[in-house]
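Heads up: the structure comes next, in structure tokens.
The values are calculated or read from the model by the stated rules, or taken from the named source; none is laboratory data. This one's a predicted model, so the numbers in the text were calculated from it and none came from an experiment. All Cβ positions, even for glycine, are placed from backbone atoms using ideal geometry, and neighbour counts span all protein chains on display. Keep in mind that these areas ignore ligands, DNA and RNA; they rest on the heavy atoms of the full protein, side chains included. Shrake-Rupley method; radii C 1.70, N 1.55, O 1.52, S 1.80 Å.
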2 protein chains.
Amino acid sequence: MDQVLSSVRNGCRLLKIFLDSPKELGVTELSKKLQLSKGAVHKLLSTLESEGFIRQNEKTKQYTLGYTLLELGTKVLTNHDIVDFSKPFLDQLVSRTNELAVLCVQDSKDAIYVAKEDSLHPVRFTVESFRRFPLYSTSAARVLLAYQPEEFQDEILQEHPLKSYTPHSYTSVEQIKEDLVTIRERGYEISSNRRNTGVTGIAAPIFDSTGHITASVSVIGPSDRVMPKKDEILQETLATVRAMSAQLGYRMS
Amino acid sequence: MDQVLSSVRNGCRLLKIFLDSPKELGVTELSKKLQLSKGAVHKLLSTLESEGFIRQNEKTKQYTLGYTLLELGTKVLTNHDIVDFSKPFLDQLVSRTNELAVLCVQDSKDAIYVAKEDSLHPVRFTVESFRRFPLYSTSAARVLLAYQPEEFQDEILQEHPLKSYTPHSYTSVEQIKEDLVTIRERGYEISSNRRNTGVTGIAAPIFDSTGHITASVSVIGPSDRVMPKKDEILQETLATVRAMSAQLGYRMS
DNA sequence: AACGATGTTCTCTATTCGTGAACAAAACAG
DNA sequence: CTGTTTTGTTCACGAATAGAGAACATCGTT
């Protein structure tokens, strides 16, 4: 694909470097990570700064992400109606299960939690919203992947060299693919210790009026609290996604 | 200033157009607003899309802001320690005044509310966080402006053709400049109906160890509730900013 | 005071950005 | 259903500039 504006791409990548870095970065450091000359990086930074996407610390001379990104980020949320739509459902799910409930959507080749409702438990598991993670790593994400065409599933599973998070993470592509089949058959996913040790997730899909999957809902909590109540939580989760799907116009066949 | 990468600037401006537009926009519309050819806009969009900054609705073919902006936006917040720092202070202020409390910072030539704590009142005034507004428009913003060099104040007040929000908004530059002097003399601002009719704000500055202003705190609410208690609220606000400044190492002279 | 690191500026050419027009593909109207 | 309009997409080319690389400036450190 040569239909790409190289400097714009560089600007985007520069910004994304900050996602996995300390809050401030210098020109030299950025030029190494981007493999660009210091001069080029400096021009990028001043352009981005003049538009409010980057800020320079006057004392340290180092650079940080600017407030315009905060404006744009909140706009993404307000644009995304499913977030508002899901709020009352997640609330209810939390009040009935006493565990964290999240809404997970797919964005190109990643999964993201776009809404969450924390449990009121003093000891509670929390997730990081709005950060991408692989479509095979959590139960909510795997539900999304399960309802995608097989070619896409293979593309995802081949691409990454399967990140391993815990001793119980997946080790083979075949293992995941079997699980994806199971998810479609049962209509839900329940799994422990894949992404975080001692944590169990129960997830199910939401469909729209065209029958396509739009998001997934997951209840997540410490395994020793969730496992004893797993049937009850599963029923609540399934009831929730059915209600949500119905409201989106989905008719069960 | 010709030290600017034009395509990067165009990309940034394209993204910002979405801030004041419906959630989806088409190529033609964007090309008009940017005054660029359709082809150029299309290249911009595909580049931004490949980096996750833009998403295309497959049905309508129109474009929206992408999730990467959400990631970056939340990163801005976690980077910004003053937001976390201010949380307990705002909480306390709300519990004592029963009105909305906000933290306001300056970003280049604008003001932004970067943290807020809603009042528990059933009828409550709310503000939009993370959106820019002029440094002369709200009490919290004017406090920030009041402690800036006079040249900068003039620059700000000359630049805009003073936006008018309510019948009681400022109409002349002189009027604002007088108010800025008063703010410095008194160390706080209290004003009604400038930005929103029937709303009163009480704001005061936070200083760091070098004596520079870093942010301002404001209590905002319906005038008929705030005005009768204004002395009490003012004292609470002043106590809060003094405590915050002290913790940042500021020593009162 | 000399050094080493940083951020910043400069010059120049290969690169590419943006234009404008042609194309495809929908949405719409008659 | 068919012609028409409007949309998004592709293309070729010349003018504009992005990026390299070195020199410069400005720190903090030794």
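List of remarks:
- Search result, residues across the stretch B:78-113 that are more than 22 Å from B:Gln153 (Cβ to Cβ) and of a type in the set (Gly, Ala, Ser): B:Ser86, B:Ser95, B:Ala101
- Among the residues making up the stretch A:61-73, none is more than 9 Å from chain B (Cβ to nearest Cβ) and either without any contact (Cβ under 8 Å) to a residue 12 or more places away in the chain or in contact with a Cys (Cβ under 8 Å, 6 or more places away or on another chain) (or both).
- The residues on offer are A:Leu65, A:Leu100, and the sole one that is away from DNA strand D (no atom under 12 Å from the Cβ), open to solvent by less than 30 Å² (accessible area, probe 1.4 Å) and within 19 Å of the chain's Cα centre (by Cα) is A:Leu100.
- From B:Val105, B:Val94, B:Val76, residue being at pLDDT 85 or above, over 30 Å from B:Thr47 (Cα atoms) and within 10 Å of chain A (Cβ to nearest Cβ): B:Val105
- Scoring B:Ser7 on the criteria (1) more than 9 Å from DNA strand D (Cβ to nearest atom); (2) within 10 Å of another protein chain (Cβ to nearest Cβ); (3) more than 22 Å from the chain's Cα centre (by Cα) leaves a single failure, condition (1).
- Taking first residues from the stretch A:225-236 that are over 17 Å from A:Thr197 (Cα atoms) and partners that are of a type in the set (D, E, K, R) and surrounded by fewer than 19 Cβ atoms within 10 Å (Cβ to Cβ), the Cβ contacts under 6 Å between residues at least 6 apart in sequence or on separate chains come to A:Glu236/A:Arg96.
- Close pairs (6 angstrom Cβ cut-off, 6 or more residues apart or separate chains): basic (Lys, Arg) in the stretch B:32-60, in a loop (DSSP other than H, G, I, E, B) and more than 7 Å from DNA strand D (Cβ to nearest atom) anywhere: B:Lys43/A:Leu5; B:Arg55/B:Gly66
- Residue count for the stretch A:13-55 satisfying the condition of being within 8 Å of chain B (Cβ to nearest Cβ), away from DNA strand D (no atom under 11 Å from the Cβ), of a type in the set (A, V, I, L, M, F, W, C) and surrounded by 21 or more Cβ atoms within 10 Å (Cβ to Cβ): 4.
- Flag set for A:Arg242, criterion: modelled with pLDDT of 90 or more, open to solvent by 60 Å² or more (accessible area, probe 1.4 Å) and closer than 18 Å to A:Cys104 by Cβ.
- Flag if B:Val173 is assigned by TED's automatic domain parsing to the domain that holds B:Gln106, at pLDDT below 85 and either aliphatic (A, V, I, L, M) or more than 20 Å from the chain's Cα centre (by Cα) (or both): yes
- Among the candidates A:Lys109, A:Lys116, A:Lys87, the residue that is surrounded by fewer than 20 Cβ atoms within 10 Å (Cβ to Cβ) and under 15 Å from the mean Cα position of the chain (by Cα) is uniquely A:Lys109.
- Elements of the type strands (runs of 3 or more DSSP E) sitting completely within the stretch B:1-113 and holding at least 2 residues that are within 25 Å of A:Val105 (Cβ to Cβ), away from DNA strand C (no atom under 11 Å from the Cβ) and among the hydroxyl-bearing types (Ser, Thr, Tyr): these cover B:63-65.
- Restricting the stretch B:189-226 to residues that are basic (Lys, Arg) and under 20 Å from the mean Cα position of the chain (by Cα), the residue that is surrounded by the fewest Cβ atoms within 10 Å (Cβ to Cβ): B:Arg195
- Any chance B:Thr138 is in contact with a Lys or Arg (Cβ under 9 Å, 6 or more places away or on another chain) and either open to solvent by less than 50 Å² (accessible area, probe 1.4 Å) or farther than 21 Å from B:Met244 by Cα (or both): yes
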